[in-house]
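The values are calculated or read from the model by the stated rules, or taken from the named source; none is laboratory data. Quick caveat, the model's predicted, so the values are computed rather than measured. Note that each Cβ is placed from the backbone with ideal geometry, even for glycine, and that neighbours are counted across all protein chains shown.
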């Protein structure tokens, strides 16, 4: 394997990991805002529509890139927008209906959902080491979820499952259309979510605390994380990109521990260690091979 392909692959891994680290703060800001899921989703969507929209328009050739994507791949950009909106909305609602640990652990199953979607829709077969890493990830998630699924709210757990299904499909879209204009598609997705949640916003509940939390999430952390993460499929297969979703599982659990004294159970810590080991399993052999060849 040449150094150039490996360097691109490492770039994809770093983009995926950094993106999920930023996205992991979503649960923190949602809980800090103390609002309903729909209201927090609306505030976040307004902020990210603004920041991503400005990024799409003000960058060099931004308007031309948007027109090109809309004219050449209109279904893809709309599908990416809708799936992105569904993922974000489902995640936020889930966090307001069940514990952060439950949500982020279920979200950690994203590699499995993405790998299945990529195989069925793209006929993209993961490498053997990635398949083993997915199996290890499933074991880690199972260890964390044992005894906690459905508590305190089975409904919140189900909504989290909807989020990972939408997420897996969205990664497939980005993989199939690597030249899709990311800022435009992400801004459009935020706009879709803002419009969809507008009728159910609890206006009377919005206070300074919610505005600050929604602004920090929507204007900075979430858009940056999504931009980084959706760039990763340009360099690595879908299953490998999704394999870094559990970074959110571990990081969000730490945020909840730090900010809300939600001390994770021993099984959650064990599951997090297993999940991180799975990521190492997926990436280390490739790096080791490159070192041996150089």
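Quick look at the numbers
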item	result
Near pairs, Cβ below 6 angstrom, 6+ apart or cross-chain, from the range 160-183 (buried (at least 23 other Cβ atoms within 10 Å of the Cβ)) to any residue that is not in a helix (DSSP H, G or I)	164/109
Complete set of residues in the range 184-202 that are touching a residue at least 24 places away in the same chain (Cβ under 8 Å), farther than 16 Å from residue 78 by Cβ and surrounded by fewer than 22 Cβ atoms within 10 Å (Cβ to Cβ)	198, 200, 201, 202
Failed criterion for residue 60 (all others in (1) more than 20 Å from residue 194 (Cα to Cα); (2) part of a helix (DSSP H, G or I) hold)	(2)
Residues (surrounded by fewer than 20 Cβ atoms within 10 Å (Cβ to Cβ) and under 22 Å from the mean Cα position of the chain (by Cα)) located in the range 65-78	75, 76, 78
Considering residues of the range 79-115 that are modelled with pLDDT of 80 or more and surrounded by fewer than 24 Cβ atoms within 10 Å (Cβ to Cβ) only, the residue farthest from the chain's Cα centre (by Cα)	79
Subset of the range 204-247 that is more than 14 Å from residue 46 (Cα to Cα) and surrounded by fewer than 17 Cβ atoms within 10 Å (Cβ to Cβ) - its residue that is farthest from the chain's Cα centre (by Cα)	204
Residue among 180, 186, 191 that is within 16 Å of residue 82 (Cβ to Cβ) and not in a helix (DSSP H, G or I)	180
Some residue of the range 7-28 being farther than 19 Å from residue 228 by Cα and either in contact with a helix residue (DSSP H, G or I) (Cβ under 8 Å, 6 or more places away or on another chain) or part of a helix (DSSP H, G or I) (or both)	yes
Output for the range 31-56, where each listed residue is more than 23 Å from residue 185 (Cα to Cα), at pLDDT 85 or above and under 18 Å from the mean Cα position of the chain (by Cα)	none
